[in-house]
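To keep things clear, I will list the structure first and then write my remarks on it.
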Amino acid sequence: MQEPTISAQDWIRVLSRIALRVEAEKDRLNELDGVIGDGDHGVTMAIGFRALDQALMGLQEDVTIDRVFQTAGEAFLSAAGGAVGPLIGSMLADTGEAFRGRVTFGAEEAVWMLEIMEQALVRRGKAQPGDKTMLDALHPAVIAARAAEGEELVEILRKAADAASAGARATGGMISRLGRSSRLGERTLGHEDAGANSIALILRGLEEEVATL
């Protein structure tokens, strides 16, 4: 059986469906953020993904994979405020830049994509694992994806999503060391990071939506 691949048009559909998932979860993300942040993380994510979805709808049928990611990243960055816009926007745009000229996307590219996204997150956010940020979901996802190299695409994405979800839950036992929430110190213990939960939500959506293609 030939290993399934994701086309540019598939990516448009997948990202649009993830946008719907983010919209549905925005109140939960706001609630998480409200305990140790400004309480608007879910709204910001939803705004960014709405803009992303709208931008992708305007692409032509012959669009390439790199252009899908670059368009998505630019739209998110332009629409979403605060720190979230540059972080998610760079993760997507950097993936597009690295995938220039690629016409298919399979298991190998999935691992590479997650690595690129982590690099973008570290470059933009200056975080380290354990700082109670998005990275605490994405970093374990990258480790899991690398460990699953050689397996099928959906299985790699499933293991990455499982690791991201576990990483997001683990942030409840961490003290925030970066951003505004870091001023609360030990009061951030016992509360999961909203950004890490956003990454877990995106990667779970990616796994489940790709499985339906």
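I'd like the Karplus ³J(HN,Hα) series for the stretch 65-74: coefficients 6.51, -1.76, 1.60, θ = phi - 60°, whole numbers in Hz, and an x wherever there's a Gly or Pro.
4, 4, 5, 4, 5, 5, 4, 4, x, 5
Tilt of helix 135-147 relative to the longest C-alpha principal axis of the chain, in degrees (0 to 90, nearest 10)?
40 degrees
Hand me the GluC sites (Glu not before Pro) from the stretch 1-72 located in a DSSP loop with no more than 10 other Cβ atoms within 10 Å, in residue order please.
Answer by residue number: GLU61.
Show that you can apply the helix-only estimate: for the chain, add -39,500 (n - 2.57) for every DSSP H stretch of four or more residues, divide by all residues, and state [θ] at 222 nm to the nearest 500.
-23000 deg cm²/dmol
Compute the angle between helix 153-170 and the longest alpha-carbon principal axis of the chain, please, reported from 0 to 90 degrees and rounded to the nearest 10.
10 degrees
For the chain, modelled as a GNM with alpha-carbon contacts under 10 angstrom, which of ILE143, ILE199, ILE65 fluctuates the most?
Fluctuation is largest for ILE143.
On a straight-distance basis, which lysines could pair with LYS159 in a cross-link, Cα separation under 22 angstrom, same-chain partners fewer than 8 positions away excluded?
LYS132
So, in nm, how far is label GLN9 from label GLU61 when the simple model puts each one 7 Å beyond its Cα toward the Cβ?
Here the modelled spin labels are 0.7 nm apart.
Over the chain, what is the relative contact order in percent, taking alpha-carbon pairs closer than 8 angstrom and at least six residues apart?
Once divided by the residue count of the chain, the mean separation gives 21 percent.
Compute the angle between helix 8-36 and the longest alpha-carbon principal axis of the chain, please, reported from 0 to 90 degrees and rounded to the nearest 10.
0 degrees
Using packing as a proxy for protection, rank 108-114, 43-49 so that the peptide with the highest average count of other Cβ atoms within 10 Å comes first.
Highest mean packing first, the order is 43-49, 108-114.
What residues qualify as long-range amide H neighbours of GLY39, i.e. H under 5 Å apart, gap of 5 or more or another chain, H built at 1.01 Å from N?
HN-HN under 5 Å from GLY39: GLY34.
Would you mind classifying the stretch 44-135 by shape? Square roots of the alpha carbon gyration tensor eigenvalues, ordered a ≥ b ≥ c; an a/c under 1.5 is rounded, otherwise it is prolate if a/b is larger than b/c and oblate if not.
In terms of gyration-tensor shape, oblate.
Please compute the contact order of the stretch 1-124 in relative form: average sequence separation of alpha-carbon pairs under 8 Å and at least six residues apart, divided by the residue count, as a percent.
So the answer I get is 26 percent.
List the trypsin sites (Lys or Arg not before Pro) within the stretch 117-155 that DSSP assigns to loop and that have no more than 12 neighbouring Cβ atoms inside 10 Å.
For trypsin sites (Lys or Arg not before Pro) across the stretch 117-155 that sit outside H, G, I, E and B with at most 12 neighbouring Cβ atoms in 10 Å, the list reads LYS126.
Viscosity 0.692 mPa s, temperature 37 °C: what is the translational diffusion coefficient of the chain from Stokes-Einstein with a Kirkwood Rh over Cα pairs, rounded to a whole number of µm²/s?
194 µm²/s
Once you've got the GNM for the chain with C-alpha springs shorter than 10 Å, pick whichever of HIS139, HIS191, HIS41 has the biggest mean-square fluctuation.
HIS191
Since every read-out is calculated from the coordinates, none of them should be taken as a lab result. Not measured: the values here are computed from a predicted model. Note that we place each Cβ from the backbone using ideal geometry, even for glycine, and neighbour counts take in every protein chain shown.
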